[in-house]
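Here the structure comes first, spelled out in structure tokens, and everything after it is commentary.
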Amino acid sequence: MEQVEQMDFVEAKEEKRKCVIDVKNLYKVYPLGKNYVRALNGVSFQIYEGEFCAIVGTSGSGKSTLLNMLAGLEKPTKGSIMVAGERIEKYNENRLVKFRREKIGFIFQSFNLISTMNAIENVAMPLVFRGVPKFIRNKRAEKMIELVGLKKYKTHKPNQMSGGQQQRVGMARALVLNPTIVFADEPTGNLDSATSEEMMTLMRKVLSEKNKTLVMVTHDNDLAALADRQIHIKDGKIVKIEEGNER
Amino acid sequence: MSFLDMISMSAGNLWRRKLRTILTVLGVLIGATSIITMLSLAIGMKKQMLESYESYGSITEIEVRGGDDMGSDGSGQLNKDTLLSDTNMETFSQMEYVEKVSPILEYYGSTKIGKYTGSFQVLGVDKEELAKQKLAKGELPGVSGNKLEVIAGNSILTSFYYMRGDEMIGYWDTQELPDIDLMKQLRKVQMYMNTYDGSSEENSSEENSSEENSSEETTSDTEGDSTEDTSASSEYVDPDISTTTSTQTNNGQIEFPIQVTGMMEGKVDDYSNYSQGLLTDIDQLKAFLIRKFGKNNIPEQPKDNGKPLNEWVYNSFKVEVDRSEHVEEVQKAIQDMGFSASSNKDMIDSMNSSMQMVELVLGGIGMVAFLVAAIGIANTMMMSTYERTKEIGVMKVLGCDMRDIKKLFLSEAAFIGFVGGMVGLFFSIAISHVINNVASKSVETGDMQISLITWWLALAAVGFSTFMGIVAGYFPARRAMKLSPLAAIRTE
Ligand SMILES: Nc1ncnc2c1ncn2[C@@H]1O[C@H](COP(=O)(O)OP(=O)(O)O)[C@@H](O)[C@H]1O
Ligand SMILES: [Mg+2]
């Protein structure tokens, strides 16, 4: 009974919230020799502004495939994707790059910092692609680095930092362009559990402060439990959508 | 992405792989050096050849001499069609492609200064031609009064000689120049003359001497054994002829009072059209002749049945054509009119075609090294795209424009080409110096520029090297541009 009421409440709340991701009937089929792999097999869901949403599933279930398509890194075989007000499924590569540059932040599992650049330069990278002058972009990058608590490591190169620190730089880099949505594919996959916890807490804090939408892929149920909502995937299909703890 | 970021980023990428970059640049450097050095040799050699030809006259110039019998048909009747007269000069200047016709009046003569005798031409040329001459000292002739004002050619002293017994001793025997200051010591010149007197008596006896006088360096050479084939002068120094002429002083020799106002620039054995003569303004020469001999009695001017013509007749014309491609046509037309005409065209043409071969061969050799260097650039850039696949993927995920990625790789390749070309240019300049130094030691004059790097060669070489870099980097850059952003996500 209580649960039903709560559901109604949530529903009503969602009505008012802005929908930033709207996926309808999404398919992705990979050719594999003479056979086909249905990585995504008809997926539909919405994600709302400011939400922290986890995509959960076992390895090979199609989580990354889904995330990549949301971030405009890959094209769907079939279906429509609306992200941050743009219908991206028909976009060509150039247009997708522009879309990412303007609306998307991305956090990688393996950090993917440029090894020759220090923390500030790494964080400032996306601003370089936008043509922001050096003086301004360094200032903004410094601010972001302070936000993720790496004030002392501004001029450190990636190999002079721990994994957790590197991922925080990665987070700062994803946020520096002030994106509408941040995507993260197993952001703690390369970190130990204590650091992972720390990382998740920080991520939640920073993102909710800025009212950003976060979509995170993970196979770890404990981490997924921290999200507002969990989308469970199995064999390319959504098996259940679970509301988690309220903010 | 701003241009500055692009440059600093590509430079940074190159610097990341220092050794590989330096090795690739080294390849370009060798290629650029080889092509610049080869072409500098071709250019230098061509210039040397052209210069040596230029001393014989310009390549757009045709020299016109009279017809076979210089207008006389043996009967005392003048054939005016092939006479180098004012009328025909006007005809030539009306021809297509002809820009200018300048007449030349020539007299031959000799003079005695101390124990030396010298013989040479006195040439009247137009003012422009005279003004072109560079002087070592003195000045150009002004208005001639009683004396004909002239400038003296740079090698005129080589035609002075003295007698020791039966032997004539001159510069070509001793390599010593007589100590004569022509500007002070040359006062007069005895001219050899043949008057085109239509009157019968003198005609026959004169024909012989005139033939001998005007046909350059032919008949008398055998008699003057000791003299080298130096010039027209040797004919007149021949004792035989001087005796003949002395017997007919009354009509064969006429004295010109002369003032040398300047000496032409150049070494004593540098040959040019005027190096062995006395040069003056043709208008001054005409005025001088009229003043001295009277309008109707000018020496060397032909007469028609004993009557003087009412126009000047010259010894040769210089016909200036607008472009060297037209020389042949004009020359042919003039020859068809019955004149004898010659030009440097054929010589220049054959030189040009053989130089083209040399250029092609040398350039080809240089090009091979350059091509190898270009492949080196392509290889390096290709390696770089493989190495940086992940990084490029990350850049694309973070929103780096595809065109920017392409430009980034192209500018790296261009950078290698540019630096290689630049350093190669400095290398080539050094090598060019060495080549010229070695070559200069092998010639007497001590100055031999067989390798010449013109500013446009330098510019073209660096530009071409950069361009080559861009071409070589094109496919790697395309590959980088088309790499999938997913490369960033795949974990190996
Ligand atoms: N590029 C590809 N080519 C062929 N099959 C692929 C490709 N990418 C993913 N797959 C397949 O699609 C399925 C889903 O993969 P993925 O989305 O990476 O799973 P997850 O991230 O949940 O572990 C897997 O079976 C995988 O083998
Ligand atoms: Mg995955």
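The values are calculated or read from the model by the stated rules, or taken from the named source; none is laboratory data. Predicted, not measured: the structure shown is a model, and the values here were computed from it. Quick reminder, even Gly has a Cβ in these numbers, built from the backbone with ideal geometry, and neighbours come from all protein chains shown. What goes into the accessible areas is simple: the full protein's heavy atoms, side chains included, and nothing from ligands, DNA or RNA. Shrake-Rupley method; radii C 1.70, N 1.55, O 1.52, S 1.80 Å.
The table below gives the values:
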read-out	value
Output for segment B:326-342, where each listed residue is free of Cβ contacts under 8 Å to residues at least 24 places away in the same chain and more than 24 Å from the chain's Cα centre (by Cα)	B:Gln335, B:Asp336
Selected residue (criterion: farthest from the other protein chains (Cβ to nearest Cβ)) from residues of segment B:377-404 that are of a type in the set (Gly, Ala, Ser) and closer than 25 Å to A:Ala71 by Cα	B:Gly393
Residues of segment A:177-206 classified as over 15 Å from A:Gln167 (Cα atoms) and out of contact with any helix residue (DSSP H, G or I) (no Cβ under 6 Å at 6 or more places or on another chain), total	3
Residue within segment A:136-147 that is facing another protein chain (nearest Cβ under 9 Å) and open to solvent by 60 Å² or more (accessible area, probe 1.4 Å) present	no
Test set (1) within 22 Å of the chain's Cα centre (by Cα); (2) farther than 21 Å from B:Phe288 by Cα; (3) not small (Gly, Ala, Ser) - B:Glu128 fails condition number	(2)
Residue count, segment B:405-454 (criterion: closer than 12 Å to B:Gly473 by Cβ and under 23 Å from the mean Cα position of the chain (by Cα))	0
Residue list for segment B:161-194, filter: of a type in the set (Asp, Glu) and either in contact (Cβ under 8 Å) with a residue 24 or more places away in the chain or surrounded by 15 or more Cβ atoms within 10 Å (Cβ to Cβ) (or both)	B:Glu167, B:Asp173
Selection within segment B:1-20 - away from every other protein chain (no Cβ under 14 Å) and touching a helix residue (DSSP H, G or I) at 6+ places or on another chain (Cβ under 9 Å)	B:Arg20
Considering residues of segment A:191-201 that are closer than 15 Å to A:Ala227 by Cβ and open to solvent by less than 40 Å² (accessible area, probe 1.4 Å) only, the residue nearest to ligand 2 (Cβ to nearest atom)	A:Ser196
Segment A:33-71, residues that are of a type in the set (Val, Ile, Thr) and more than 14 Å from every other protein chain (Cβ to nearest Cβ)	A:Val37, A:Val43, A:Ile47, A:Ile55, A:Val56, A:Thr58
All positions within segment B:463-492 that are more than 30 Å from B:Leu398 (Cβ to Cβ) and surrounded by fewer than 21 Cβ atoms within 10 Å (Cβ to Cβ)	B:Gly463, B:Phe464, B:Phe467
Any hit, segment A:186-197, residues being more than 17 Å from the chain's Cα centre (by Cα), part of a helix (DSSP H, G or I) and among the small types (Gly, Ala, Ser)	yes
Qualifying residue in segment A:80-88 (condition: within 12 Å of another protein chain (Cβ to nearest Cβ) and either at pLDDT below 95 or buried (at least 19 other Cβ atoms within 10 Å of the Cβ) (or both))	no
Identity of the residue in segment A:112-121, within 10 Å of another protein chain (Cβ to nearest Cβ) and within 21 Å of the chain's Cα centre (by Cα), that ends up surrounded by the fewest Cβ atoms within 10 Å (Cβ to Cβ)	A:Ile114
Single match in A:Thr155, A:Thr188, A:Thr77 (criterion: within 16 Å of ligand 2 (Cβ to nearest atom), without any contact (Cβ under 8 Å) to a residue 60 or more places away in the chain and more than 9 Å from chain B (Cβ to nearest Cβ))	A:Thr188
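Yes or no, residue by residue, for (1) of a type in the set (A, V, I, L, M); (2) over 17 Å from the mean Cα position of the chain (by Cα); (3) near ligand 1 (Cβ under 8 Å from one of its atoms):
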{"site": "A:Val37", "(1), (2), (3)": "yes, yes, yes"}
{"site": "A:Gly42", "(1), (2), (3)": "no, yes, no"}
{"site": "A:Glu49", "(1), (2), (3)": "no, no, no"}
{"site": "A:Lys63", "(1), (2), (3)": "no, no, yes"}
{"site": "A:Leu66", "(1), (2), (3)": "yes, no, yes"}
{"site": "A:Leu70", "(1), (2), (3)": "yes, no, no"}
{"site": "A:Thr77", "(1), (2), (3)": "no, yes, no"}
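Residues are listed down the side, and each one gets a yes or a no for (1) modelled with pLDDT of 85 or more; (2) open to solvent by less than 20 Å² (accessible area, probe 1.4 Å); (3) assigned to a loop (DSSP other than H, G, I, E, B):
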position	(1), (2), (3)
B:Ser52	no, no, no
B:Gly57	no, yes, yes
B:Ser75	no, no, yes
B:Ser102	yes, yes, no
B:Gly124	yes, yes, no
B:Val143	no, no, yes
B:Asn154	yes, no, yes
